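Nothing in this text is a laboratory measurement; each read-out follows from the coordinates by a stated rule. Bear in mind that the values here come from a model prediction, so they are computed numbers and not experimental data. Neighbour counts are summed over all protein chains in view; Cβ atoms, including those assigned to glycine, are modelled from backbone coordinates with ideal geometry.
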Amino acid sequence: MSITKTTVMDKLRTVAGPDGKGNVVDLGLVSEIVIKDDRVYFSVTVPAERAAASEPLRLSAEKAVAGIPGVAGVTAVLTAEAPMGKSGNKAGNGAASKPAPAAKAGGVPGLPGVKHIIAVASGKGGVGKSTTATNLALGFKALGLNVGIFDADIYGPSQPRLMGLAKEQPSATEDEKKLLPIKAYGIGVMSMGFLVEEATPIVWRGPMVVQALQQMLFDVAWDDTGELDVLVIDMPPGTGDVQLTIAQQVPLSGAIIVSTPQDLALIDARKGLNMFRKVEVPVLGIIENMSYFIAPDTGKRYDIFGSGGAEKEAEKLGLTYLGGIPLHMDIRELSDAGTPIVAIVPDGPEAAIYKEIAAKAWGEVQTVKGIDAPLMKVAETRDSLKVTFKDGFAYDLPAEMLRVMSPSAEVQGHSAEQRVTVPGKRNVKIRELKPVGKYAAKITFDDGHDTGLYTWSYLLQLGEEKDERWAGYVKEMEQKGLSRG
Ligand code: ADP
C-alpha cells in the first residue's frame, strides 16, 4: 500500500500540540509533507522561544508516522515561527500594532558570540568545496583564531565525515536551550548530517531548507568555549534560491569561492561570484583547487592546466587570488578517513599552502571596505526611514517604497513585465530595523514581510533614484490595473 499525505496527516492528528492541547495538524503546525521512496519528510512549526523545548514533540511526531505500515523512514524538523522583535510576540494577534524599537544602526551583527562568518561556496558540486572549507578552517585555527564550522550543504552534508565525526550526535547545553557544537581538532562543528544520515536524500523545497538551516545556525552555542573569531560556512554547491537566500539572510563578513582551473574560465565560478556581488556580500577571493598535480611517488609537480592562468583570470574578474591547492592523493585519502591533512600533517607542504591561504583570506576580512555605515532612523510614525550617509547625503524613504521595492525581487533582475508588482501597501509600517554585518540592514514590515537585505548601497541607490523609481512603480501599477490600497 502506498503512503499518502492523508494517512500521514491522520496519524499526526494523534500527536498533541505544544501545550498538550489539540493536535499538531488541527493547530496548523504541520507544513509540507513530502513522501519519497517510502520516506516521509515534514516540518512542525513551533514558537521560536519554545523551539528547544519542543524536541519531545518532534520525536513523538516522528514516532507516530514511523508506525504507519510501509513507511521506511521519517524525518521531522522543527521550524521556528519568526518572533516579532525581541519581545517574542507573534504577528497578527493585536500586538502587531505595538512596534518593536528600532535597532541602533551600526550595532552587533545577527549571530551572538561570532565575530565573522565566512561562506565557502562553489558554482557547482565536486570541485572540492567541502574539503577546502575543512582545511581552511583548520588553517584559521593554526593562525591562533577560535574557529567553528557550520555545514549548510544540506543536500550532501560532508563535514561530519571530513572531521571524523560521522557517528556523533550533538547534545544540548545545560539549560537545554541550544545545541552544543561537536568538537574535532579544536573546532566546533554543526551539521544537518548529525541529524540526518548522509545517504538520506533531502527533498525539501527551498524555503523549508532555509528555515531549517537558519534555525540550526541560531540554535547552536557557538561560543561555548569563548567567542568565535570566525565561523566557516560550507555552503550548498551552486547558485540557486537556497544559496541566494543564505547569502542574503546570514550576516556574512565575506565569501570565498572555490573553483577548479577549468571552471574558473567557465561560467560556474562567475555565477557564484555574481550571486554574492548582487547581494553585496564582499567576495574575499577565489581558491583554485586541484590547481596542479603532485605525483605521489616522485613528488614531482605537473602543471596540467598550465601555470598562472587562474591568477590572470581572477584578476580579470576583479577578484583576489587566494592561492592554488594541488591535486594530491593524500588530501583525498586523509579527507575520506576523517583526518584532514592540515590537522594530521600540520608541518607538511599541503598544510603550509592551506595556512597561507587562510592568512591571506583573514587579511581580506580585515580590509574589506564597503560604503561606511549610514545613520538610519525610523520616523516616530514608522512610515518612513531616514538614511544619512557619511558624505552628508540624506534621504527619507517611505515605508511603502521600501516594501514594494524590496531587494529580494530586485536582485532577481526581473523586468517590469515579469516582476510581481506589489499593490496595496499605502499604509505599511516599519516594524523593525536591524543592521546586518557591515553592509546591510534587515527591515521587517508590519505586514509580516521580512525577507531581503537592504544593502547600504541599495539604500543609497533608492535615495538617489527615488523620484524616477517611484514614478516607474506608479506607472506599473496603472498598467496592471492595481491600486496602492
Ligand atoms: P564538493 O564539496 O565541492 O562537492 P568535496 O570537497 O566533497 O567537493 O571533494 C570532492 C572529492 O574530491 C572528494 O573525494 C575529495 O576528497 C576530493 N578532493 C578535493 N580536493 C582535493 C585535492 N586538492 N586533492 C585531491 N583530492 C581532492
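Sorting the segments 215-224, 233-242 by their residues' average number of neighbouring beta-carbon atoms within 10 angstrom, most packed first, yields 233-242, 215-224.
Segment residue 329..residue 427, full-extension length gain: 29.1 nm, with 0.36 nm per residue of separation and the alpha-carbon distance subtracted. Treating r as the C-beta distance of residue 315 and residue 145 and R0 as 35 Å, the FRET efficiency rounds to 0.80.
The trypsin sites (Lys or Arg not before Pro) of segment 233-334 that DSSP puts in a loop, and whose beta carbon has at most 15 other beta carbons within 10 Å, are 300.
Figure the gain on full extension for residue 55 and residue 302 (residue separation times 0.36 nm, minus the Cα-Cα span) and round it to one decimal in nm.
Working it through step by step, the gained length comes to 83.6 nm.
Only loop residues by DSSP count here, and only those with at most 16 other Cβ atoms within 10 Å; note down the chymotrypsin sites (Phe, Trp or Tyr not before Pro) in segment 330-408 that meet that. Don't jump to the answer; show the numbers that get you there.
Details: sites: 354, 362, 389, 393, 395; in loops: 389, 393.
Here the sparse-neighbourhood loop sites are 393.
With a simple spin-label model that places each label point 7 Å from the Cα along the Cα-to-Cβ direction, the separation between residue 295 and residue 13 comes to 7.2 nm.
From most to least packed by mean Cβ count within 10 Å, the peptides 128-141, 334-347, 460-473 give 128-141, 334-347, 460-473. Remark on residue 149: its backbone amide H falls under 5 Å from those of 188, 189, 190, 232, a criterion applied only to residues 5 or more positions apart or on other chains, H modelled at 1.01 Å from N. In this structure, the amide hydrogen of residue 254, modeled 1.01 Å from its nitrogen in the peptide plane, lies closer than 5 angstrom to those of 117, 119, counting only residues at least 5 positions away or on a different chain.
Between residue 224 and residue 337, the simple label model (points 7 Å from Cα in the Cβ direction) yields a spacing of 2.7 nm.
For segment 156-166, putting each phi into the Karplus relation 6.51 cos²θ - 1.76 cosθ + 1.60 with θ = phi - 60° gives couplings of x, x, 10, 4, x, 6, 4, 9, x, 10, 4 Hz, in residue order, rounded to whole numbers and with x for Gly and Pro.
In summary, the aspartates and glutamates within cross-link reach of residue 63, defined as a Cα separation below 13 angstrom excluding same-chain residues under 8 places away, comprise 55.
The loop-placed GluC sites (Glu not before Pro) in segment 293-362, going by DSSP, include none that has at most 16 neighbouring Cβ atoms within 10 Å of its Cβ. Pairs with C-alpha atoms separated by more than 27 Å, drawn from the list 429/466; 316/466; 178/434; 129/316; 124/316; 124/312, are 316/466. Checking the cross-link filter: which aspartates and glutamates have an alpha carbon closer than 12 Å to that of residue 377, excluding same-chain neighbours under 8 positions apart? Filter leaves 396, 432.
Report the calculated FRET efficiency for residue 388 and residue 155 (r = Cβ-Cβ distance, R0 = 35 Å), to the nearest 0.05. Mind dumping the intermediate values first?
Values: r = 43 Å, r/R0 = 1.22.
Using R0 = 35 Å, I get an efficiency of 0.25.
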